[in-house]
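K.L.:
So that we are looking at the same thing, I have put the structure below in structure tokens.
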Amino acid sequence: MIIDSRGMRQLEASSGFTNAQLMETAGKACADWISSHFSACRNILLLCGKGNNGGDGFVIGRILGSAFHVTAACVDGAPATKEAQDAFTLLSCDVLQDPDAILQAAQHTDLLVDCVYGVGFHGTLSARMKKLFSSINNMHLHVCSIDINSGAESDSGRYDPDAIRSDVTIALDCYKPFHMLRKDHQLFKHAYMVSLGIPHPDHSAFLEMNEDSFFAGYPRKKENAYKGTFGKTTVIGGSYGMAGALGMNIIGAKTVGVSYLNAVCPHEIYPVVASRFLTPVFHPFGDQDMYRVIEPLLYDTRAIAFGSGAVNMPKKEEILDLVLQAADCPVVLDAEAIRLLNHNYYILRFVHEPVILTPHIGEFSSLINRPVDVIQHDRIHLALQFAKDYKVFLVLKGPHTIVASPTGDLYINQSGCSGLAQAGSGDLLTGMIAGLLTMNNDVFQAVCMAVWLHGYLAEEGTKDHAANMLDLSRFPALADSLYFRHGF
Ligand SMILES: NC(=O)C1=CN([C@@H]2O[C@H](COP(=O)(O)OP(=O)(O)OC[C@H]3O[C@@H](n4cnc5c(N)ncnc54)[C@H](O)[C@@H]3O)[C@@H](O)[C@H]2O)[C@H](O)CC1
């Protein structure tokens, strides 16, 4: 289960265990994990803070003291919580406080255990702590962090550039958002979770997605199915110079198994796209007949995607208005459609059907007029806030794509690889989202399924190819293998 720090504190409070009992359990579970995975070590140095993360460290030190040579260091003053103070009094190893002595001990240690800050850390490190942590990081020691790497926040994705870097981070009882953002911060190489035996609720605001949960939401075609059983999907995209974007929408829809696809595009790219794809029903339009061609389609489709490659599309502003006003199904807005909303996104509040926006960080930055680095450091919060304020599903694309729902649900995607960092992969995702929205009425689930599948197939596509050579046109074939393996 993934949970944020507030949820974790509520779990602890209702667990039936005291904080001291939880600290003892946490310390013992971590000590057991360390002794079995670092059994070859002799000298262990514990860096402890003044909060309960430091308290966990004192318990770990007491237990490991029977088998290893343990030194503890109080790097941020004396323990400040009752539980940490009690754990400290039971510690019998050497305790260091002077930064120079700590760094000297670090040079002779086989393993450094980082228990300075856990989920209670917010903001940035003090100058003193930055100096200590950057010296430690420069020593390239074996490091195990407890719960959260010190200097990183548990919930937001923010971290100080001098936060402790570890080989392994042991998450206590649940993964926190921090653990799900590894590709962004790269503060640990591996994360493991140890259980504290706390009962978990059935529902968490964080959705998790894997093969099983994907297939739980992916419908099977029955024997008596016909082409309209799942309804129609409509993609409106491409324009002069960007015909391929519509092609990628089509490949995306094919990847998720759409059985009836409307492809809507300007007259000038129709011949080239139609000669490449045989199964969509094409609806070419121009300046004069845009309303006549597009409007009737909006009433006979289960999902619409608009915007991929639409930079030179005639009547694009009018199409956006039409789609947002007339559609009676979910609408996915990608690329140019998002740009058209810049400084004008308040209109999203007046749309009655679910709207899904799929910006990458640069597009989101232009949309909300905030610098890219501000968004990068506060992505989870800003995505959730935007989704809530404008009642949209926000798919903020990146190494860990985030999906935020208007009601505060969050998905942090774990699948994918750098092969997806290429032109066309967003257009492909848009087609996949629109296709899955046609087959699954739960908008949040369908969008997360598409995001997960997009990443999963990229991993599959680079198992026998270089990551930088990922061929996006292979996605339907890669998906076929997956579906076939699951008996479809
Ligand atoms: N169920 C569990 O997960 C359990 C977790 N435990 C451990 O407790 C920590 C959380 O403990 P808490 O005391 O709330 O916070 P920290 O130890 O992370 O310490 C925070 C400490 O530091 C101060 N602080 C915050 N931000 C800064 C900053 N930027 N600069 C300097 N100081 C800062 C803050 O005021 C506090 O004093 C959890 O992660 C687990 O490791 C329990 O042991 C029980 C079970």
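The values are calculated or read from the model by the stated rules, or taken from the named source; none is laboratory data. Quick caveat: nothing in here was measured; it's all calculated off a predicted structure. When we count neighbours, we look across all protein chains shown, and the Cβ atoms used for this are built from the backbone with ideal geometry, even at glycine. Just so you know, the surface numbers come from the protein's heavy atoms only, side chains and all, with ligands and any DNA or RNA stripped out. Shrake-Rupley method; radii C 1.70, N 1.55, O 1.52, S 1.80 Å.
K.L.:
If each of Val311 and Leu103 carries a label point 7 Å out from its Cα toward its Cβ, how far apart are those two points in nm?
P.N.:
5.1 nm
K.L.:
Which of rounded, prolate or oblate describes segment 421-488 when judged by the alpha-carbon gyration tensor and an a/c cut-off of 1.5?
P.N.:
oblate
K.L.:
Please calculate how many Å² of accessible area segment 297-376 carries per residue, with a 1.4 Å probe and no DNA, RNA or ligand atoms counted.
P.N.:
Working: 3280 Å² over 80 residues.
Using a 1.4 Å probe on heavy atoms only, each residue of segment 297-376 averages 41 Å².
K.L.:
Find out how many positive minus negative residues lie around Arg302, taking Lys and Arg as positive, Asp and Glu as negative, among other residues whose Cβ is under 12 Å from that of Arg302.
P.N.:
-2
K.L.:
Something else: Assuming R0 = 30 Å, can you tell me the calculated FRET efficiency for the pair Lys222 and Tyr299, based on Cβ-Cβ distance, to the nearest 0.05?
P.N.:
Plugging the Cβ-Cβ distance into 1/(1 + (r/R0)^6) gives 0.70.
K.L.:
Which of the peptides 429-435, 31-37 is most tightly packed, and how do the rest follow, going by the mean number of other Cβ atoms within 10 Å of each residue? List each step's numbers first, then the result.
P.N.:
Numbers: 429-435: 31.9, 31-37: 16.9.
Ranked from most to least packed, the peptides come out as 429-435, 31-37.
K.L.:
Taking a threshold of 25 Å on the Cα-Cα distance, which of the pairs Lys82/Lys183; Lys397/Lys463; Lys183/Lys254; Lys222/Lys463; Lys130/Lys183 fall above it?
P.N.:
Pairs exceeding 25 Å: Lys82/Lys183; Lys183/Lys254; Lys222/Lys463.
K.L.:
In the chain, with Lys and Arg counted as +1 and Asp and Glu as -1 at Cβ, which of these residues, His283, Leu348, Ser154, has the Cα nearest the positive end of the dipole, that is, farthest along it?
P.N.:
So the residue we want is His283.
K.L.:
May I ask for the distance between the Cα centers of segment 47-95 and segment 288-328, given as a whole number of Å?
P.N.:
The distance from the Cα centre of segment 47-95 to that of segment 288-328 comes to 63 Å.
K.L.:
Ignoring ligands, DNA and RNA, please state the percent of accessible area on segment 201-262 from carbon and sulfur, probe 1.4 Å. It would help to have the intermediate numbers written out before the result.
P.N.:
On the way: 1540 of 3010 Å².
Looking at segment 201-262 in its full context, I get 51 percent from C and S.
K.L.:
Then there's this: Calculate for the chain the 222 nm mean residue ellipticity that helices alone would give, adding -39,500 (n - 2.57) per DSSP H run of length 4 or more and normalising by residue count, nearest 500 deg cm²/dmol.
P.N.:
Numbers: 19 runs with 197 residues, N = 488.
That calculation yields -12000 deg cm²/dmol at 222 nm.
K.L.:
Based on the mean of other Cβ atoms within 10 Å per residue, sort peptides 131-142, 92-103 so the most packed one is first.
P.N.:
The packing order, highest mean first, is 131-142, 92-103.
K.L.:
Still on this structure, I have one more. Which residue, chosen from Thr301, Ala191, Gly118, occupies the Cα position most advanced towards the positive end of the dipole of the chain, where the dipole is computed from +1 (Lys, Arg) and -1 (Asp, Glu) charges on Cβ about the Cα centre?
P.N.:
Sorting the options by dipole projection puts first Thr301.
K.L.:
Now for a separate question. For segment 217-329, what is the charge dipole size about the Cα centre, in debye to the nearest 20, if Lys and Arg each add +1 at the Cβ and Asp and Glu each add -1 at the Cβ? Provide the component values of the computation, followed by the final result.
P.N.:
Details: 11 positive and 10 negative charges, 139 e Å.
Value, rounded to 20: 660 debye.
K.L.:
Same structure, new question: Give the peptides 324-335, 470-481 in descending order of average Cβ contacts within 10 Å, highest first.
P.N.:
The peptides rank, most packed first, as 324-335, 470-481.
K.L.:
How far is helix 243-255 tilted off the main Cα axis of the chain, in degrees rounded to 10, range 0 to 90?
P.N.:
Approximately 70 degrees, to the nearest ten.
K.L.:
What number, in percent, do you get for the relative contact order of the chain if the mean sequence gap of Cα pairs under 8 Å and at least 6 apart is divided by its residue count?
P.N.:
Relative CO of the chain lands at 12 percent.
K.L.:
Additional query: Of Lys388, Lys222, Lys50, Lys397, which has the most accessible area and how do the rest follow, probe 1.4 Å? Each step should come with its number before you reach the end.
P.N.:
Numbers: Lys388 125, Lys222 155, Lys50 95, Lys397 35 Å².
Largest accessible area first, the list is Lys222, Lys388, Lys50, Lys397.
K.L.:
For segment 45-189, report the convex hull volume of the alpha-carbon atoms normalised per residue, in Å³, without decimals. Each step should come with its number before you reach the end.
P.N.:
Details: hull volume 14.7 nm³, N = 145.
Considering the Cα atoms of segment 45-189, their hull volume per residue is 101 Å³.
K.L.:
Continuing with the same structure: Cα gyration tensor of the chain, axes a ≥ b ≥ c as square roots of the eigenvalues: rounded (a/c below 1.5), prolate (a/b > b/c) or oblate?
P.N.:
Because a/c hits 1.5 or more and a/b exceeds b/c, the chain counts as prolate.
K.L.:
Using +1 at the Cβ of each Lys and Arg and -1 at the Cβ of each Asp and Glu in the chain, identify which of Gln376, Tyr483, Ser405 lies farthest towards the dipole's positive end.
P.N.:
Tyr483
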